[in-house]
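Take a look at the structure below.
Every number here is computed from the coordinates shown, using simple stated rules; none is lab data. Predicted model, so just to flag it, every value in this text is computed and none were measured. All Cβ positions, glycine included, derive from the backbone under ideal geometry; neighbour counts span all protein chains shown.
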Amino acid sequence: MFTSERGAARALLAGFVALGWVSCASGQSARVPEGPKLGVPVTEADAASWNISVGPDGAGLPPGKGTAATGAALYQAKCLACHGEKGAGKPSDQLVGGQGTLRDANAVRTVGSYWPYATTLFDYIRRAMPYVAPQSLTPDELYSLSAYILYLNGVIGENDEMNASTLPKVKMPNRDNFVSAYSEPKHPTR
């Protein structure tokens, strides 16, 4: 009988190692069961097309530009059906409002009230929107839609240009309420 889960795990591992040596010594390879054969193999090109991450500092942002003024028409054409008039929500998530509600029992988490970085908005739209055609928007459309949503939340002005240089500099209303695993705590622990 094993005295701990760790002991049981070591015994199981030892058994697998011994089985491997027996298989090698007998000239037979260990058989790996076949899976259900779902999906298709992923090529390096397929994987590269999803390597589009954008960091909080703007690393990974492509060239391009846009303003809320240009984003308004795009929003009407590509986002309104899911996110409602001016980002009010329904049937999908609300994008606008909620400032000052995060301490309430019924907090409203939106781009403007909760998200810590404007670059996260760009990254999310780029990867996942519009829902029926992810990764179909141009960099200029992405900057314009990001600018429009930031404008609706009162974060930037209607004619402020968003691009690879300006977007990472946008200070989101809730940024200071997030703590990085790499930052010093605001209050010393006792």
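Data for the structure
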| item | result |
| --- | --- |
| Spatially proximal lysines relative to Lys90 (Cα-Cα < 18 Å; intrachain offsets below 8 disregarded) | Lys78 |
| Chain lengthening between Asp57 and Asn177 when straightened (0.36 nm per residue, less Cα-Cα) | 41.5 nm |
| 10 Å binning of all Cα-Cα separations within region 62-177, expressed as whole percents from 0 upward | 15, 50, 31, 4, 0 |
| Ordering of 148-158, 119-129, 77-87 by burial proxy (mean other Cβ atoms within 10 Å per residue, highest first) | 148-158, 119-129, 77-87 |
| Rounded FRET efficiency, nearest 0.05, which uses the C-beta distance separating Thr101 from Ala69 and R0 of 25 Å | 0.30 |
| Label-point gap, in nm, between Gln135 and Ala81 - each point 7 angstrom along Cα→Cβ | 2.2 |
| Within-13-Å neighbourhood charge of Leu80 [Cβ basis; K, R +1; D, E -1] | +2 |
